[in-house]
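Before any comments, here is the structure.
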Amino acid sequence: MTSPVLSVNQLCKAYSNGKEALKGVSLSVPEGSFFALLGPNGAGKSTLINIMADTVLPTSGSIDFLGHDMFSERLWCKGNMGVVPQEVAFDPFFTPREVLSMVCGLYGQKPDMKWINELLERLELAEHANKNTRQLSGGMRRRLLVAQALVHRPRLVVLDEPTAGVDVELRKRLWEYMREINASGTTILLTTHYLEEAEELCDHVAIIDRGNVIASSSMKKLLHEVAGSYLWLRYRDDWELAATDVEALSEFNPRIDDGLLCLTLNRIDLQQSTFHHAYESARLRFGPPLDAGVCQEDLEDVFLRLTREQII
Ligand SMILES: Nc1ncnc2c1ncn2[C@@H]1O[C@H](COP(=O)(O)OP(=O)(O)O)[C@@H](O)[C@H]1O
Ligand SMILES: [Mg+2]
């Protein structure tokens, strides 16, 4: 395995209202990886990212970034990292081009106009480059934040939901650009709710839930070792599971997805007996289904199963 760019060690954060947003998070982000940090709302993703951005103070724990301690060597770390926070906040008196030049200055770099123009072009801000940032739409401001995180050519880019609220086509182009940035050697860590896209783009993944890491590995390994199969049964399209039904089938971790009853089978190797057992359990309870089949879990299925398991 390649050496990590970032090692998060036992990071804890309790907010002043007593909310424990991170409960000892440890993560390792390999150099050059395209890393997805996933989790349901409120899992603690933004808290972790805001700690890296220096806008939230951790309660305890440490982060090592390329051999530098993130908390005692802040300046060095900031100079080598770009962070796009979830919340958009801008000084409304400058144009995108001015913002990008200024940010270079903050890192002690002379603005590289060729690179700034490329960023404006690729992030589809070129025609708005000389407008006041006040006039930009929410989506444009978010893209300007991405440009701002890349302008000093950092070794690590951290993006908190960069594509939230961005339409499909633009989202695809933004991902494509991130892929190019990653291919040129920059490590990318991002959060997103688009699990299908994360599965396609990212080579590493961590899932956090309620302040704990519940899975962390290469995407391949997660899909190979943690993903299993499930039996789906169609009864009616508008079906909902009642609590008593769930209880009766709880050993199969039942859920309703798109009107289908889904029962988790043996995770690693599907055995006939499990399939029959699941099918028979459903049939005894609900009668014969209209249709049924077996499917391999994708990232979204694994995500839903693991984050639901935490609740039960
Ligand atoms: N400033 C804050 N003060 C108190 N609680 C907070 C604050 N920010 C976040 N939280 C709480 O911490 C938990 C984690 O939030 P967050 O890191 O934003 O999660 P995510 O980004 O995964 O949705 C949530 O329960 C949230 O309500
Ligand atoms: Mg968040």
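At a glance:
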| read-out | value |
| --- | --- |
| Column: log10 I(q)/I(0), Debye, Cα scatterers of region 228-296, q = 0.19 Å⁻¹ | -0.66 |
| Ranked by how many other beta carbons lie within 10 Å on average, peptides 284-290, 47-53, 112-118 from highest | 47-53, 112-118, 284-290 |
| 16 Å Cα-Cα reach of residue 220 towards aspartates and glutamates, excluding residues that sit fewer than 8 places from it in its own chain | 196, 197, 199, 200, 203, 297, 298, 300, 301 |
| Backbone N within region 277-295 under 17 Å of label point (7 Å from residue 258 Cα along the Cβ vector) | 290-295 |
| Extension gain (nm, one decimal) between residue 234 and residue 71, 0.36 nm per residue minus Cα-Cα | 53.4 nm |
| Estimated inter-spin distance, residue 137 and residue 176, nm [label 7 Å along Cα→Cβ] | 1.9 nm |
| Residue-averaged [θ]222 nm for the chain, counting only DSSP H segments that reach four residues, each worth -39500 (n - 2.57) | -10000 deg cm²/dmol |
| Charge dipole magnitude, Cβ of K and R +1, D and E -1 - the chain, Cα centre, debye nearest 20 | 1000 debye |
| At R0 = 30 Å, FRET efficiency that the Cβ-Cβ distance of residue 283 and residue 225 yields, to 0.05 | 0.50 |
| Mean shadow area of region 4-223 over all directions, Cα convex hull, nm² | 11.7 nm² |
| In degrees, nearest ten, helix 138-150 long axis to first principal axis of the chain (Cα) | 70 degrees |
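None of the figures in this text is laboratory data; all of them are computed from the coordinates on show. Being a predicted model, the structure only gives us computed values, none of them experimental. As a convention, Cβ positions derive from the backbone with ideal geometry for all residues, glycine included, and neighbour counts pool all protein chains shown.
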